[in-house]
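Peer 1: Got a structure for you, questions after.
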Amino acid sequence: MAVMTREMQAEDIPAVLAIERECFSLPWTRQMFQEEVRQDLSWRQVAVTESGEVAGFLIGREYPDAWHLMDVAAALSARRQGVAAGLLAAFLQGADRAERPVFLEVRPNNAEALVLYEKRGFSAVGTRKRYYTDTGEDALVMMRPIGSSGGLGGPLLAIESSCDDSCAAVLTPEGEVLSNVVHSQDAIHERYGGVVPEVASRAHVERMTAVVREALDQAGTAVTDLRGVAVTVGPGLIGALLVGVQTAKAIAWAHRLPLYPVNHLHGHLAAVWLADREAPLPMITLVASGGHTSLVAVDDWTTYRLLGQTLDDAAGEAFDKGARLLGLGYPGGRELDELAEKGDAKAYDFPVGLKRSPRPDFSFSGVKTALYYLLRDMSAAERSARAADVAASYREAIVEALVSKSVKAAQREGARTLGVAGGVAANSLLRKRLREKGETAGLHVVVPPFAFCTDNAAMIGAAGLVGPSVPYPDYLEVDASASLPLGRWSTAPDGPR
Ligand code: KG4
Ligand code: ZN
């Protein structure tokens, strides 16, 4: 549910009163709300849903020496969606801007409220005797010092749009993923047999706002609670990247938040961190997707070295082209993998790219050409009868190249961990073989869950958390870059590295 906040008007009072009555045993009266709407020193805001319904409200006072939180509530029908948290965050940011401490009274046995307030920097400073007239209870007085806004302690919003998936995620500062929304464009590009950049950009424009809203809703996070916005700035399709970058900048700018520019490859590498934050370094990670196939040394979470990469096709491309030759679906990697599970991997002998080369590079053009000739020389009946065996043997050659080069590179580099990331890390044989061979070689092997392997924004957020941020308002010049090299966060010569 998307909500916006605005100043409370006299017309809102019936709805506000209804929420007040469902939330509190000693509700404010209509006259009290009417008085607030007329008050000079009153901070009065309502949260309103897209259909115009009041979902919550907050009333505070802006006294000259301190601000006072008087009443905050969310409708029962809008619970757990960050409505009250959002209203509160806006009030506290207002107090921070005015450089005033904030006071409030709360029932000492309202454990839920106490936790909420403590998380936002309040602590108990005293009591007001017999404050609550219904029970005669004392009130606990809490105070929040100037400038302790949720800010840096709040969650991070991350946005990814470098290729054909519109993605947004919300993460805690510790790297816990609160939401991870992916809107795939596969169904759109299927009819062209590949990603059409201009079509991808337009699809991002149409979806990105809804995807971001969905990520915030699922996380129960209000935009006013955020510590900042992370976004993929490159490498990727320039038009697609621009949509994410502009969305992120607009949100960050509107809420005076810092921006975290992220290199897409650093994002893939950070998927390993999301899956296992204790994995010992140094680490070698195989990044294998539809766009890239690289071996990267992660010396620490901000120092990356490119050890080797594909000289021609990416591994995902090899799977997709193979799937196309076999008449499977689009993009095809997953379908080929499923078919291969039913076949005999020893049935055909496909060339393993750069098998004898000591270099940690890959080549998949040979295996693809071999598949083309094999299928060309088969009858239609044979092609369909042997499809599973062909798929299994083809997959075997690709996976063998990926695994043997990765394990060798990890051994040569003296790495302690072997990681894998990118969409091809979903391949069932690759996952199994990498674990077996890596563990036999004495390596700690991390194979992240599928959702962190294919393009997603959670991994971008994770990379954002360990990378640099650009403070408001310095990021207006931060730009997207189609070809951002590994190790760089920005194309600006004096920008963050
Ligand atoms: O990382 P990703 O989502 O997007 C890019 O940055 O390219 O990777 C997508 C690639 C596609 O080529 C897709 O066919 C491949 O990952 N893929 C697979 C499997 N699942 C996805 N390849 C082999 N086996 C799979 N199970
Ligand atoms: Zn990717």
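Peer 1: Can you give the relative contact order of the chain as a percent, counting alpha carbon pairs under 8 Å and 6+ residues apart?
Peer 2: 15 percent
Peer 1: Can I ask one more? Give, as a single signed number, the net charge of other residues whose beta carbon lies under 15 Å from the beta carbon of Val16, with Lys and Arg counted +1 and Asp and Glu -1.
Peer 2: Computed value for this residue: -4.
Peer 1: Treating the beta-carbon of each Lys and Arg as +1 and of each Asp and Glu as -1, no other charges, what is the dipole magnitude of the chain about its Cα centre, to the nearest 20 debye?
Peer 2: Taking the Cα centre of the chain as origin, the dipole is about 1080 debye.
Peer 1: Separate question: Among 242-254, 455-467, what's the highest-first ranking by average C-beta atoms within 10 angstrom per residue?
Peer 2: Ranked from most to least packed, the peptides come out as 455-467, 242-254.
Peer 1: Would you calculate, for the chain, the mean residue ellipticity at 222 nm contributed by helices, counting each DSSP H stretch of 4 or more residues as -39,500 (n - 2.57) and dividing by all residues, to the nearest 500?
Peer 2: -12000 deg cm²/dmol
Peer 1: Here is a follow-up. With N denoting the number of residues in the range 310-434, provide Rg(C-alpha) divided by 2.2 N^0.38 Å, to two decimal places.
Peer 2: Ratio of Rg to 2.2 N^0.38 Å for the range 310-434: 1.05.
Peer 1: Out of the total accessible area of the range 98-204 (probe 1.4 Å, heavy atoms of protein only), what percent is carbon and sulfur?
Peer 2: 53 percent
Peer 1: Note the full-extension length gain between Arg305 and Ile146 as 0.36 nm times their separation in residues minus their Cα-Cα distance, in nm to one decimal.
Peer 2: 52.9 nm
Peer 1: Normalised radius of gyration for the chain, please: alpha carbon Rg relative to 2.2 N^0.38 Å, two decimal places.
Peer 2: Compared with the compact-globule rule of thumb, the chain sits at 1.18.
Peer 1: Something else: Provide the packing ranking of 300-306, 333-339, 390-396, i.e. peptides ordered by the mean count of other C-beta atoms within 10 Å per residue, highest first.
Peer 2: For the peptides 300-306, 333-339, 390-396, the packing ranking is 390-396, 333-339, 300-306.
Peer 1: Please give the charge dipole size of the range 131-248, origin at the Cα centre, charges +1 on K and R Cβ atoms and -1 on D and E Cβ atoms. Round to the nearest 20 debye.
Peer 2: Around 440 debye, computed over the range 131-248.
Peer 1: In the chain, with Lys and Arg counted as +1 and Asp and Glu as -1 at Cβ, which of these residues, Leu281, Trp489, Tyr63, has the Cα nearest the positive end of the dipole, that is, farthest along it?
Peer 2: Going by the Cα projections, it comes out as Leu281.
Peer 1: Roughly how big is the range 385-483's charge dipole about its Cα centre, with Cβ charges of +1 (Lys, Arg) and -1 (Asp, Glu), in debye to the nearest 20?
Peer 2: With Lys and Arg at +1 and Asp and Glu at -1, about 660 debye.
Peer 1: Oh, and also: Specify which residue in the list Met32, Ser123, Ala15 is farthest towards the positive end of the charge dipole of the chain, using unit charges on the beta carbon of Lys, Arg (+1) and Asp, Glu (-1), about the Cα centre.
Peer 2: Ser123
Peer 1: Rank by packing, highest mean first: peptides 220-226, 185-191, 263-269, 196-202, with packing defined as the count of other Cβ atoms within 10 Å averaged across residues.
Peer 2: Packing proxy ranking, top to bottom: 263-269, 220-226, 196-202, 185-191.
Peer 1: Tell me the per residue accessible area of the chain using a 1.4 Å probe; a whole number in Å² is fine.
Peer 2: 44 Å²
Peer 1: In nm, to one decimal, how far is the Ser184 label point from the Arg79 one, both placed 7 Å along Cα→Cβ?
Peer 2: Inter-label distance under the simple model: 3.6 nm.
Peer 1: Rounded to the nearest 0.05, what FRET efficiency is calculated for Tyr472 and Tyr192 with R0 set to 51 Å and r the Cβ-Cβ distance?
Peer 2: The pair Tyr472/Tyr192 has a calculated efficiency of 0.80.
Peer 1: Still on this model: Distance cut-off 21 Å, Cα to Cα: go down the list Lys346/Lys408; Lys355/Lys408; Lys368/Lys405; Lys346/Lys368 and report the pairs above it.
Peer 2: Checking Cα-Cα distances, Lys346/Lys408 exceed 21 Å.
Peer 1: Turning to a different aspect of this structure: Using the Kirkwood radius built from alpha carbon pairs, what does the Stokes-Einstein equation give as D for the range 141-236 at 10 °C and 1.306 mPa s, in µm² per second?
Peer 2: D = 107 µm²/s.
The values are calculated or read from the model by the stated rules, or taken from the named source; none is laboratory data. What you see is a predicted model; the values in this text were computed from it and never measured. Note that each Cβ is placed from the backbone with ideal geometry, even for glycine, and that neighbours are counted across all protein chains shown. These area figures cover heavy atoms from the full protein model, side chains too; ligands, DNA and RNA do not enter into them. Shrake-Rupley method; radii C 1.70, N 1.55, O 1.52, S 1.80 Å.
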